[in-house]
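Worksheet: the structure to be examined is printed underneath.
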Amino acid sequence: MAIKVGDKIPSVTLSHKTADGIQKITTDDLFKGKTVVLFGLPGAFTPTCSAKHLPGFVQHAKDIKGKGVDAIACLSVNDAFVMDAWGKDQKVGDSVMMLADGNGDFSKAVGLTMDATGYGMGLRASRYAMVVKNGVVKNLNVEAPGAFEVSSADAILKVL
């Protein structure tokens, strides 16, 4: 069953690459005492993710953070090296934290997965965006398969 508004984010360890190498971060640390926009997507370097989803959050990062958001995080079922390379390719800088859910632990825990085995990609994160305040989901927009309508940066700006 998928996570819903009012639910607490489960405790899971993710990773991201920093100047000091691969770092682990727990969802408890990521969300505690903060307002975070987390968006999930099927894969780094994939068409919609690279052309629309991530670029929208990079472009609107200042506006989103200006509405009281402490951090914006992009999550995909990829490893931290791929997420780092994709972030560099997309010129993310420090506007969006690139989180690796390498084994899909977070995606499975929140019930937001999609089966992309038909494309040779295995189990992936669904396309979604959520606003999380102090570890509790305040807004959740999950896309229908193949759609990109409700999880964009523009859609999130409207609910903040």
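Can you work out the base-10 log of I(q)/I(0) for the chain at q = 0.16 1/Å, using the Debye formula on its C-alpha atoms alone? Calculated log10 I(q)/I(0) at the listed q: -0.83. Going from the residue with the fewest nearby Cβ atoms within 10 Å to the one with the most, 119, 128 rank 119, 128. Between 147, 73, 109, the Gaussian network model of the chain with springs among Cα atoms under 10 angstrom shows the greatest mean-square fluctuation at 147. Checking the table 8/88; 65/91; 88/158; 34/67; 24/52 against a 22 Å threshold on Cα-Cα, which pairs fail? Flagged as over cut-off: 8/88; 88/158; 24/52. Taking the number of Cβ atoms within 10 Å of each Cβ as an exposure proxy, the fewest-first ranking of 5, 82, 131 is 5, 82, 131. Out of every Cα pair in segment 1-62, what percent are spaced more than 20 Å from each other? Of all Cα-Cα distances in segment 1-62, 46 percent exceed 20 Å.
Any read-out appearing in this document is the output of simple, stated calculations on the displayed coordinates, not a laboratory observation. This is a predicted model, so every value here is computed, not measured. Note that we place each Cβ from the backbone using ideal geometry, even for glycine, and neighbour counts take in every protein chain shown.
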